[in-house]
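**Q** Dropping a structure here in structure tokens format, bear with me for questions.
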Amino acid sequence: MKLSLATEEIATFYAKMLDHEYTTKEIFQNNFFRDWKEEMTEKEQEIIQSLDKCDFKEIHKYFVDKNEARKALPKEEKQKLKEETDKIQEEYGYCILDGHREKIGNFKTEPPGLFRGRGNHPKMGMLKKRIMPEDVIINCSKDSKIPVPPEGHKWKEVRCDNTVTWLASWTENIQNSLKYIMLNPSSKLKGEKDWQKYEVARRLKGVVGKIRSQYRDDWKSREMKTRQRAVALYFIDKLALRAGNEKEEGETADTVGCCSLRVEHIKLHPELDGQEHVVEFDFLGKDSIRYYNKVPVEKPVFKNLKLFMQNKDPGDDLFDRLTTGSLNSYLQDLMAGLSAKVFRTYNASITLQEQLKALTNPEDNVAAKLLAYNRANRAVAVLCNHQRATPKTFEKSMQALQAKIDAKNQQVEDAQAELKRAKADHKAKKDVKSKEAVEKKKKLLEKIKEQLEKLNVQVMDKEENKQIALGTSKLNYLDPRISVAWCKKFGVPIEKIYNKTQREKFAWAIDMADEDFEF
């Protein structure tokens, strides 16, 4: 069937994702089919009645072949394409900020496609529309050369606002949220902002004891409002929960944070698995990622929660006298710059530092030290509930690793046999040459054993990390100076922890921190 241009383009979005698990989800299929039908001509709508009867395999194959052909291009062709990309980067990828040439983060608008979302997002599969110049607001200084819109088009607006850091913005059609073009994380401005964020979290270290004893006192307050705030703050501090922002009615997914928890999101167990006063949490957090946790809490917290839940329906707010706004303005009074988010940064960073102290053995080789680092990082990711689905390639890469280990084990056996032969030879001859041969075989065996150990460590690391996203906390919640100091102290090359892009982002920390840095 020959499709109209718009209908065909949207069909290609779906076809490209055929081998992705998204296209097996009912919610994805329903959203896609509804949006696709809206863009069809009347005639197409009459014929195409059910998604199950559409076969996208040939379109899918076309794109797979195209992709393979691109990978198989000769080196010169690839180089040519790279030069073209670099040319575009050179023209659009930089801006002048306070007289300095700074790199722009992502200078392209998002292409049209199907919305994916994270977790089980209720809008997955919906059509992301193409961004036109008429949707885009440009932000630059009055005296600068204003970018020219494509021919026959005009910008939505050109403004000169130097109180914000974005260079262009538009509103995307699915969640109605603003999207921005920002400076690259390695830019001076971003680095300063980053540094300030971690300095505020470090300042919290000095007052956190006082804040903790204050909220403990407030658990007994006469005012219900104060009690609710104190219990919420305890959760934000102990469990690194997000505060959760108020939402417009009927907006996006039903996700909550600490302040917007409802009665149905928690269960109270006076005793569970041999522990007393256990609270069972089960709710959808940011990006529709499920937060499920059973936590023993202090007795007054447990009693207060019971009180907050009295005479309420499952859909009622647990903290009905509390808003994120009122919580943050209270925190602001306790310490300048303090908000609920700072607790997350503080607790993540302090956890990393304590875990590194506990887990690192100075005698270990680099591979074992890296395992310790990833374990410390994992403790933070678990605290912050940074989950991911097990990667699709997980099984395959584990099998490949296992094959390497089997081959290495064989090498160890061979090397042991050779060493045995060399020793017997030396015993018979007792000359210098045979002695050297023994030493050589010994060294070789040690080297192979070390390689085997490294592979075994990799397997452990991979297995432990398969459902944990380590990157999120590493880039957003952990003071990079802790990692830099650890690398310098234990002789671990910094490139083992941060890749090139991350090293650019954290250049300020790499310059600033010595091995004695304490968060």
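The values are calculated or read from the model by the stated rules, or taken from the named source; none is laboratory data. These numbers were taken from a predicted model, which means no experiment stands behind them. Here the Cβ is made from the backbone with ideal geometry for all residues, glycine too, and neighbour counts use every protein chain on show. We work out accessible area using only protein heavy atoms, side chains counted, and drop any ligands, DNA or RNA first. Shrake-Rupley method; radii C 1.70, N 1.55, O 1.52, S 1.80 Å.
**Q** If packing is taken as the mean number of other Cβ atoms within 10 Å per residue, what is the order of 395-408, 371-384, 290-303, 473-486, highest first?
**A** The peptides rank, most packed first, as 473-486, 371-384, 290-303, 395-408.
**Q** Sticking with this structure for a sec: For region 507-519, just list the computed ³J(HN,Hα) in residue order, Karplus coefficients 6.51, -1.76 and 1.60, θ = phi - 60°, integers in Hz, with x standing in for Gly and Pro.
**A** 3, 4, 6, 5, 6, 8, 8, 9, 5, 9, 4, 10, 4
**Q** Further question: Just report the Cα centroid separation between region 458-496 and region 283-303, whole Å.
**A** Comparing the Cα centres of region 458-496 and region 283-303, I get a distance of 26 Å.
**Q** May I pose another question? Rounded, prolate or oblate for the chain? Axes are the square roots of the Cα gyration tensor eigenvalues, ordered a ≥ b ≥ c, and the cut-off for rounded is a/c under 1.5.
**A** Oblate, because a/c is 1.5 or more while a/b does not exceed b/c.
**Q** Accessible area per residue for the chain in Å², computed with a 1.4 Å probe and the full protein assembly in place, what is it? Mind dumping the intermediate values first?
**A** Working: 31280 Å² over 519 residues.
On a per-residue basis, the chain sits at 60 Å².
**Q** A follow-up question, please. Estimate the FRET efficiency between Lys488 and Glu157 by the formula 1/(1 + (r/R0)^6), using the beta-carbon distance for r and 60 Å for R0, to the nearest 0.05.
**A** In this case the efficiency is close to 0.80.
**Q** Could you grab the relative contact order for the chain? Cα pairs under 8 Å, six or more apart, rounded to a whole percent.
**A** Relative contact order for the chain comes out at 11 percent.
**Q** Continuing with this model, one more query. Using only protein heavy atoms and a 1.4 Å probe, report how much of Phe115 is accessible, in Å² to the nearest 10.
**A** Looks like 30 Å² after rounding.
**Q** Summarise the accessible area of the chain (1.4 Å probe, protein heavy atoms) by the percent that is carbon and sulfur.
**A** For the chain, the apolar C and S fraction of the accessible surface comes to 50 percent.
**Q** Taking R0 as 56 Å, what's the FRET efficiency between Gln402 and Glu42 from their Cβ-Cβ distance, rounded to 0.05? Display every interim value, and only then the final one.
**A** Values: r = 57 Å, r/R0 = 1.01.
With R0 = 56 Å, the Cβ-Cβ based efficiency is 0.50.
**Q** Can I ask one more? Keeping all protein chains in position, work out how much accessible area Val158 exposes to a 1.4 Å probe, and write it in Å² to the nearest 10.
**A** About 60 Å², rounded to the nearest 10.
**Q** Sticking with this one: Pull up the cross-link candidates among the lysines for Lys442, meaning alpha carbon to alpha carbon under 21 Å and not fewer than 8 places away within one chain.
**A** Excluding near neighbours in sequence, the set is Lys408, Lys420, Lys423, Lys427, Lys429, Lys430, Lys433, Lys454.
**Q** So how much slack lies between Asn328 and Glu199, counting 0.36 nm per residue of separation and subtracting their Cα-Cα distance, in nm?
**A** Numbers: separation 129, 0.36 × 129 = 46.44 nm, distance 1.82 nm.
Length gained, Asn328 through Glu199: 44.6 nm.
**Q** In addition: So which of Lys156/Lys190; Lys37/Lys129; Lys369/Lys447; Lys108/Lys188 end up more than 23 Å apart by C-alpha?
**A** Beyond 23 Å: Lys156/Lys190.
**Q** Oh, and also: Show me, for region 8-22, the HN-Hα J-couplings you get by feeding each phi into the Karplus relation (A = 6.51, B = -1.76, C = 1.60, θ = phi - 60°), rounded to Hz, glycine and proline as x.
**A** Whole-Hz 3J(HN,Hα) from phi for region 8-22: 5, 4, 5, 4, 5, 4, 6, 4, 4, 9, 3, 8, 9, 5, 3.
**Q** Near the amide H of Ile468, under 5 Å away, which other amide H atoms are found, from residues 5 or more places off or on another chain, if H is placed in the peptide plane?
**A** Correct list: Arg388.
**Q** Going Cα to Cα from Lys286, which aspartates and glutamates come in below 16 Å? Please leave out same-chain ones fewer than 8 positions away.
**A** Here the aspartates and glutamates satisfying the reach criterion relative to Lys286 are Glu246, Glu248, Glu251, Asp254.
**Q** Shifting gears a bit: Using each residue's phi in region 142-157, evaluate 6.51 cos²θ - 1.76 cosθ + 1.60 at θ = phi - 60° and report the 3J(HN,Hα) Karplus result to the nearest Hz, with x for Gly and Pro.
**A** Using θ = phi - 60°, the values come out as 3, 8, 8, 7, 6, x, 8, x, x, 4, x, 10, 9, 5, 4, 6 Hz.
**Q** Also, quick follow-up: Give the aspartates and glutamates reachable from Lys57 as a straight Cα distance under 13 Å; neighbours fewer than 8 places away on the same chain don't count.
**A** Asp19, Asp65
**Q** Still on this structure, I have one more. Please go through the residue pairs Lys87/Lys142; Lys220/Lys341; Lys87/Lys396; Lys87/Lys197 and name each one whose alpha carbons sit more than 32 Å apart in this structure. List each step's numbers first, then the result.
**A** On the way: Lys87/Lys142 27 Å; Lys220/Lys341 25 Å; Lys87/Lys396 38 Å; Lys87/Lys197 35 Å.
With Cα atoms farther than 32 Å apart: Lys87/Lys396; Lys87/Lys197.
**Q** Compute the separation of the alpha-carbon centres of region 1-42 and region 166-204 and state it in Å as a whole number.
**A** 33 Å
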